[in-house]
Amino acid sequence: MSTIKKLAGQTAIYGLSSILGRLLNYLLVPLHTEKFNPDQYGIVSEFYAYVAFLVVVLMFGMETTFFRFVNKTDNKVKLFNQAFSIILIINGLFLLLVLLFSQSIANWMLYPNHKDYVIWFAFILVFDATSSLFMAKLRQENKAKKFAFIQLTSIGVNIVLNVFFILILLPKYPEFGIGFIFIANLISSLVKPLLLLNDIKQFRFILDKALAKAMVIFTIPLLIASFAGIINETFDRILIKRLLLDKGLDFAQTQVGIYSASYKLSILITLFIQAFRYAAEPFFFAQEKHKDKHKIYAKVMTYFVMIVSLMFLVISLNLDIFKWFIPNDKYWEGLKIVPILLLANVFLGIYYNQSIWYKLADKTKYGAYIAIIGASITLMLNYILIPIMGYIGAAWATLVCYFSMTAISHYLGQKHYPIKYNLRKVGFFLISAIILFLIGWLINFESFWLNFVVHNLLVLVFIGLIFFVENPLKEFSKNKP
């Protein structure tokens with residue numbers, strides 16, 4: 001029992017530190033959107049979209065590879081040294097190339113006067129990528145508290161510096177602009193290797209050809225799947241700018257900024273999904289030998305859809321309140337895409353929930369296949385829709401992508417690891433939430449308070465439907481001792 005308690009405690013620390021970290025960074029959005037116009041915020045969003053891609057290359061899937069190999073060897077030190085040696089080679093080459101061609105890269109990105117941004121981000125990427133494996137090693141060694149301390153210290157430094165630079169220094173040096181955001185990120189990224197200095201000193205460079213080859217062969221499919229996933233999550237920011245350039249660079253950057261800020265509101269559901277995944281994955285695996293496991297999985301899905309559908313409805317019908325999270329009204333024209341993106345994230349959550357089938361069935365290759373199909377849909381629809389509809393097209397592409405991934409996963413899951421989900425209830429809650437949202441969208445008064453009352457009456461109608469169909473309180477009372 002003590003082992004289980006220890007595992008549960010560590011899982012909570014890893015989960016809470018990651019979720020809390022994301023939430024704290026999320027709280028910088030009001031500051032950034034208030035102080036910077038959409039075209040400037042568009043530049044910030046574009047750089048971080050490229051970061052999401054490049055960090056996949058620079059980490060090279062070595063975290064997962066290290067976890068996979070570490071239980072197969074008695075020489076864990078050699079294994080870690082080999083894994084980090086591979087990362088060191090990749091990051092060293094990357095940094096050298098960026099430093100040599102920083103001006104050319106800045107020209108290609110259409111920021112010829114800002115090769116400094118390119119160089120700063122190269123160091124941010126290298127600091128983050130090289131620290132990641134040492135952070136993975138802490139997890140493998142069950143050093144949960146040290147992991148959480150380093151993670152939250154880095155995030156804390158980033159937040160404090162953002163507040164100091166933007167509120168204190170920006171008024172004095174306005175010409176530095178969004179550079180303050182990047183410098184704050186650069187310093188906070190340096191915090192991790194500094195706090196890991198004692199661990200880094202123990203590293204010794206090695207190159208065992210046989211071991212390195214085995215690790216690279218294992219990691220390549222992970223790399224492909226990660227790339228596909230990142231395309232689904234961030235590639236739209238890059239494409240919006242590139243596909244709207246014919247209307248002018250400032251216009252294109254503004255559209256990226258508005259889209260990115262609106263996307264942040266939809267992440268409220270994503271934060272819940274992330275918290276759910278930390279709790280659900282160990283729970284799902286623990287139920288694998290339970291005789292009623294399929295009923296349990298089905299019940300979890302029903303309750304999950306109930307909650308995310310309610311979140312979709314609450315946020316979508318109260319955008320007049322949630323919009324103040326983005327205090328600059330120049331971004332508010334993008335609020336129309338928030339319900340689309342919220343619904344997209346509902347389907348992403350359903351996909352993550354049901355993806356347990358290929359993990360339990362040891363058919364993880366299907367996860368890669370589904371991600372690649374999703375990426376193909378994302379690219380195709382963005383190329384078609386963005387020139388016609390602008391960032392609204394990117395939002396619809398996201399929704400179609402995640403809905404398709406959910407449908408494909410369900411179809412394959414029923415073939416390879418059938419779980420009899422209660423599709424009638426799941427469908428009822430989803431469709432009811434969408435219908436109630438559409439009613440609220442059509443009933444729009446000039447009075448804020450009248451809108452607030454009517455829209456939240458619709459939310460109460462949905463809650464009433466939940467209790468009528470499922471009665472969760474009865475379910476919880478059954479489980480009382």
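Is it the case that some residue within the range 444-458 is at pLDDT 90 or above and polar (S, T, N, Q)? Yes, the range 444-458 contains a residue that is at pLDDT 90 or above and polar (S, T, N, Q). For F94, the stated conditions do not hold, so it cannot be described as in contact (Cβ under 8 Å) with a residue 40 or more places away in the chain, assigned by TED's automatic domain parsing to the domain that holds G42 and under 30 Å from D246 (Cα atoms). Counting just the residues of the range 279-306 that are surrounded by fewer than 17 Cβ atoms within 10 Å (Cβ to Cβ) and within 21 Å of the chain's Cα centre (by Cα), which one comes out modelled with the highest pLDDT? The qualifying residue modelled with the highest pLDDT is A279.
Taking the criterion of being touching a helix residue (DSSP H, G or I) at 6+ places or on another chain (Cβ under 7 Å) and either of a type in the set (V, I, T) or modelled with pLDDT of 85 or more (or both), the residues of the range 67-87 that qualify are V70, T73, K76, L79, F80, Q82, A83, F84, I86, I87.
Against the test of being closer than 19 Å to L222 by Cα, buried (at least 22 other Cβ atoms within 10 Å of the Cβ) and of a type outside the set (A, V, I, L, M), the options F66, F53 yield a single qualifying residue, F66. Scanning the range 394-402 turns up at least one residue that is within 14 Å of Y351 (Cα to Cα), within 27 Å of the chain's Cα centre (by Cα) and surrounded by fewer than 21 Cβ atoms within 10 Å (Cβ to Cβ). Evaluation of P38 against the conditions (1) touching a Gly at 6+ places or on another chain (Cβ under 7 Å); (2) at pLDDT below 95 shows that the sole unmet condition is (2). If I filter the range 257-275 for residues that are modelled with pLDDT of 90 or more and among the polar types (S, T, N, Q), do I get at least one hit? Looking through the range 257-275, at least one residue is modelled with pLDDT of 90 or more and among the polar types (S, T, N, Q).
Per the conditions (1) in contact with a His (Cβ under 9 Å, 6 or more places away or on another chain); (2) of a type in the set (S, T, Y); (3) without any contact (Cβ under 8 Å) to a residue 24 or more places away in the chain, the sole criterion not satisfied by S447 is (1).
Just to be sure before I move on: is Q82 in the same structural domain as F180 (by TED's automatic domain parsing), in contact with an Asp or Glu (Cβ under 7 Å, 6 or more places away or on another chain) and touching a residue at least 40 places away in the same chain (Cβ under 8 Å) in the structure I sent? So Q82 passes the test.
A search for C-beta distances below 6 Å between a residue of the range 428-444 that is assigned by TED's automatic domain parsing to the domain that holds T302 and any residue that is not in a helix (DSSP H, G or I), counting only pairs 6+ apart in sequence or on different chains, returns G440/L317. When Y402, Y417, Y411 are checked against the criterion of being farther than 27 Å from Q255 by Cα and either among the basic types (K, R) or touching a residue at least 24 places away in the same chain (Cβ under 8 Å) (or both), a single residue qualifies: Y417.
The values are calculated or read from the model by the stated rules, or taken from the named source; none is laboratory data. What you see is a predicted model, and the numbers here were worked out from it, not measured in a lab. Glycine gets a Cβ as well: all are built from the backbone with ideal geometry, and neighbour counts include every protein chain shown.
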